[in-house]
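Below: one structure, written as structure tokens.
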Amino acid sequence: MKDKDVIKLFEANGAILDGHFRLSSGLHSRRYLQCALILQKPDIAQRLCEELAARFKKERIDFVVGPAMGGIVLAYEMARQLKARRAIFTERENDLMTLRRGFSIKPGERCVVAEDVVTTGGSIAEVIKLVEAAGGKVAGVVSLIDRSSGIDFGVKFETLARVKIEAYSRDACPLCKKGVPIVKPGSRR
């Protein structure tokens, strides 16, 4: 699957939004990739995750973990495709990435970290740190879309599409300067 095929799939499902958005990273952007509109469709989610999972077929993966909200469905379907024992997710508690709901990681367990869209990589870096602090081993990171400028997580990083979409700090945002109302579509408040 090529970048253009993934983007066409997003466009066909109304998952590329135009406007003025505040991303989870705090950056502002003219475009927003609403992966929930893609992942709500099991047949599409299966097809995308099959593509990503194929890149880890030779690895032993015990679990897949994703940050809430964007990584939950992706982590579940990736775990299913990789025949991992489980899929878990992290949540923020007092601004710290944590495991809740009885989830745990045993020392030596191997995982893949799954995120829908990578912009700054901050959430993924936090999940990797949490996994390693628990004694787990991160075999790699997967995302549907990478809109970063090429982040190195120190592990294998597989994505379905690399997309160049400008993002701005609040102070440098041309949309803010024009007074265009901003929308916060992501999960982080």
Counting only strands (runs of 3 or more DSSP E) entirely within the stretch 1-77, those with at least 3 residues that are surrounded by 21 or more Cβ atoms within 10 Å (Cβ to Cβ) and at negative phi are 28-33, 63-67
Out of all the residues in the stretch 33-43, is one or more closer than 21 Å to Thr119 by Cβ and in contact with a Gly (Cβ under 7 Å, 6 or more places away or on another chain)? yes
Taking the stretch 145-181 and keeping only residues that are more than 15 Å from the chain's Cα centre (by Cα) and of a type in the set (Phe, Trp, Tyr), one is left with Tyr168
>> Going residue by residue through the stretch 129-146, is there one that turns out to be of a type in the set (S, T, N, Q) and out of contact with any Asp or Glu (no Cβ under 6 Å at 6 or more places or on another chain)?
In response: no
Taking the stretch 113-126 and keeping only residues that are more than 17 Å from Ala36 (Cβ to Cβ) and either of a type in the set (Ser, Thr, Tyr) or crowded, with 24+ Cβ neighbours inside 10 Å (or both), one is left with Val113, Thr120, Ile124
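Do you know which residues across the stretch 131-161 are of a type outside the set (Ser, Thr, Tyr) and in contact with a Ser or Thr (Cβ under 6 Å, 6 or more places away or on another chain)? Give the derivation first.
Filtering the stretch 131-161 down to residues of a type outside the set (Ser, Thr, Tyr) leaves 131-142, 144-147, 150-158, 160-161.
Within the stretch 131-161, Asp146, Arg147 meet the criteria.
Which residue is nearest to the chain's Cα centre (by Cα), if the candidates are limited to the stretch 78-96 and must be free of Cβ contacts under 8 Å to residues at least 40 places away in the same chain and buried (at least 20 other Cβ atoms within 10 Å of the Cβ)? Explain how you work it out, then say what you get.
Going through the stretch 78-96, the residues free of Cβ contacts under 8 Å to residues at least 40 places away in the same chain turn out to be 79-89, 91, 93-96.
Keeping just the survivors that are buried (at least 20 other Cβ atoms within 10 Å of the Cβ) gives 79, 81-82, 84, 87-89.
Values: Ala79: 14, Gln81: 17, Leu82: 17, Ala84: 18, Ala87: 14, Ile88: 14, Phe89: 12 Å.
Among residues in the stretch 78-96 that are free of Cβ contacts under 8 Å to residues at least 40 places away in the same chain and buried (at least 20 other Cβ atoms within 10 Å of the Cβ), the one nearest to the chain's Cα centre (by Cα) is Phe89.
Scanning for something among the aliphatic types (A, V, I, L, M) and assigned to a helix (DSSP H, G or I), does the stretch 82-89 turn up at least one residue? Can you show your working first?
Taking the stretch 82-89 first, the residues among the aliphatic types (A, V, I, L, M) are 82, 84, 87-88.
Filter again for assigned to a helix (DSSP H, G or I), leaving 82.
So far as the stretch 82-89 goes, yes, one or more of its residues are among the aliphatic types (A, V, I, L, M) and assigned to a helix (DSSP H, G or I).
Bear in mind that the values in this text are calculations on the coordinates, not laboratory data. All values derive from a computational prediction rather than experimental measurement. All Cβ positions, glycine included, derive from the backbone under ideal geometry; neighbour counts span all protein chains shown.
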